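The block underneath contains the structure these notes are about, expressed in structure tokens.
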Amino acid sequence: MIKLDITKATKFLKAGAVEGLEPKVKAAQEALESGSCEGSDFLGWLHLPTNTSDKFLDEVQAVANTLRKKCEVVVVAGIGGSYLGARAVIEALGNSFSWLINDKKNPTILFAGNNIGEDYLYELTEYLKDKKFGIINISKSGTTTETALAFRLLKKQCENQRGKAEAKEVIVAITDAKKGAARTCADKEGYKSFVIPDNVGGRFSVLTPVGLLPIAVAGYDIKALIRGAQDMEKATGKDVPLAQNIAAQYAATRQALYQQAGKKIEIVVNFQPKLHFIGEWWKQLYGESEGKDNKGIFPAACDFTTDLHSMGQWIQQGERSIFETVLSIENPNHRLDFPSDEENLDGLNFLAGKRVDEVNKMAELGTSLAHVDGDVPNIRVSVPKLDERYLGQLIYFFEIACGISGLIQEVNPFNQPGVEAYKKNMFALLNKPGYEAESKAIKERLSK
């Protein structure tokens, strides 16, 4: 199992501060389990791991196998929770240079629909011109601007290059069961489709087909991923005492640091470049869940040691409003020993014969000691190694901790009303039908 160490964080709190939150933790756990909390319509993720059958995973895998057989490239069209979870797992498990490798066994997985960058989309469509590519379109409504725009471009290109009949076999929709533009399109065109459960919000959806299908297409074991999530679901249930429940401990510790020690910013850091998108997924999960009602810990992410040469100065000596959660991988999947050099011009012969990971681990330990000395509380999450099962554990650990933490903070962790503000303005500025009044008002505002 993954492990949690909060000793370098609790030293910044009054004795018993974390334990003192146990009644609130217990109340949050009970509210989640009974569905009595705000946002209870979106608790489908809570027991999703144990409710996911091998038969269903086999269905997902069968569709993935079709795409793997018929495509050199598969483009995942989605934004936010519709792509971040899948990308996080794929990047964590994949070869760092997969985009340079002519891997005939696994298709290249690309992502679109998460921005409105014209250059990005142009360059993507140019790259795909001589490729046998397929599309996984992920959208509950089918009208999210970024994703719908990308899908329209990609759908047309796929049909032009492969013919409409063949394109139908390599375009998959993951959408609402009954309604929305994406559902209508899938039914009309005859695409294979999977359902985004109504009671699972986007940022909690990585263990649904939203994440499972792209991960399976990339060649990874989705059954092992779910097994890992099942491990953590069992280990963090409401009847597990706080002293043994690492998700509850994490939630209570971060809220104690926020509410009692004035720590307003949490930086999730890693010393393994493959975890970059785990940090991006985590940022959405916690930012969208807790940032409301004019409160919430600001989630940030850094890649160490890289960002120690940019953000390191601020973290060490800047405003003391931060704490860190360090994701530590205990055992890398490969071994590389540091060589000796006769001239030793760089002065590094003292490292000769050591594993590169040993150097990295000492950088991790030295950084933690320095930051704690600099009054930065440190939480440590250690993962035995990067594989599907441990990533499944990590995903569910952060999800259940997020639900508990948001309820301790007394917000609804499962809505995101603030996300609509920019969309309203954008549609008004683009003169979208139905936004005439807003368009007039915003143009008058801009003219002043």
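The values are calculated or read from the model by the stated rules, or taken from the named source; none is laboratory data. Treat the numbers as computed from the prediction; the structure is a model and nothing was measured. Cβ: placed from backbone, ideal geometry, glycine included. Neighbour counts: every protein chain shown. Note: areas computed on protein heavy atoms with side chains; ligands, DNA, RNA excluded. Shrake-Rupley method; radii C 1.70, N 1.55, O 1.52, S 1.80 Å.
Data overview
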read-out: Test set (1) of a type in the set (D, E, K, R); (2) outside any loop (DSSP other than H, G, I, E, B); (3) closer than 24 Å to TRP282 by Cα - LYS55 fails condition number; value: (3)
read-out: Cross-chain or 6+ apart pairs with Cβ under 9 Å, the stretch 185-198 first and touching a residue at least 60 places away in the same chain (Cβ under 8 Å), then crowded, with 21+ Cβ neighbours inside 10 Å and not hydrophobic (A, V, I, L, M, F, W, C); value: PHE194/THR175; PHE194/THR208; PHE194/PRO209; PRO197/SER205; PRO197/THR208; ASP198/LYS140; ASP198/ASP176
read-out: Answer residue from the stretch 91-126, given it is in a loop (DSSP other than H, G, I, E, B) and of a type in the set (A, V, I, L, M) and is farthest from ASP221 (Cα to Cα) among those; value: ILE116
read-out: Unique match (being open to solvent by 40 Å² or more (accessible area, probe 1.4 Å), at pLDDT 95 or above and more than 21 Å from ILE136 (Cβ to Cβ)) among GLN249, GLN255, GLN259; value: GLN259
read-out: Near pairs, Cβ below 7 angstrom, 6+ apart or cross-chain, from the stretch 111-129 (on the phi > 0 side of the Ramachandran plot) to any residue that is surrounded by 13 or more Cβ atoms within 10 Å (Cβ to Cβ) and in a helix (DSSP H, G or I); value: GLY113/GLU146; GLY113/THR147; GLY113/ALA150; GLY113/PHE151
read-out: Residue within the stretch 303-312 that is part of a loop (DSSP other than H, G, I, E, B), of a type in the set (A, V, I, L, M, F, W, C) and either outside the structural domain of ILE215 (by the TED database) or more than 26 Å from LEU43 (Cβ to Cβ) (or both) present; value: yes
read-out: Positions within the stretch 313-338 being assigned to a strand (DSSP E or B) and either within 19 Å of GLU266 (Cβ to Cβ) or open to solvent by less than 10 Å² (accessible area, probe 1.4 Å) (or both), in sequence order; value: ILE322, PHE323, GLU324, THR325, VAL326, LEU327, SER328
read-out: Matching residues, the stretch 143-195, being more than 26 Å from LEU57 (Cβ to Cβ), assigned to a loop (DSSP other than H, G, I, E, B) and under 25 Å from the mean Cα position of the chain (by Cα); value: THR143, THR144
read-out: PHE204 vs. criteria in the same structural domain as THR147 (by the TED database), open to solvent by 10 Å² or more (accessible area, probe 1.4 Å), under 30 Å from PHE398 (Cα atoms) and at pLDDT 95 or above; value: no
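Results for (1) hydroxyl-bearing (Ser, Thr, Tyr); (2) in contact with a helix residue (DSSP H, G or I) (Cβ under 8 Å, 6 or more places away or on another chain); (3) modelled with pLDDT of 95 or more, shown as yes or no for each residue.
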{"position": "TYR122", "(1), (2), (3)": "yes, no, yes"}
{"position": "LYS140", "(1), (2), (3)": "no, yes, no"}
{"position": "THR145", "(1), (2), (3)": "yes, yes, no"}
{"position": "LYS168", "(1), (2), (3)": "no, yes, yes"}
{"position": "ILE215", "(1), (2), (3)": "no, yes, yes"}
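A quick yes/no check of all residues on (1) in contact with a Phe, Trp or Tyr (Cβ under 8 Å, 6 or more places away or on another chain); (2) in contact (Cβ under 8 Å) with a residue 24 or more places away in the chain:
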position	(1), (2)
LEU213	yes, yes
GLY219	no, yes
ILE222	no, yes
LEU225	no, yes
GLY228	yes, yes
ALA235	no, yes
PRO241	no, no
TYR250	yes, yes
LYS263	yes, yes
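Residue-wise test of (1) hydroxyl-bearing (Ser, Thr, Tyr); (2) assigned by the TED database to the domain that holds GLY279; (3) open to solvent by less than 30 Å² (accessible area, probe 1.4 Å).
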residue: LEU345; (1), (2), (3): no, yes, no
residue: ALA352; (1), (2), (3): no, yes, no
residue: SER368; (1), (2), (3): yes, yes, yes
residue: PRO384; (1), (2), (3): no, yes, yes
residue: GLU388; (1), (2), (3): no, yes, no
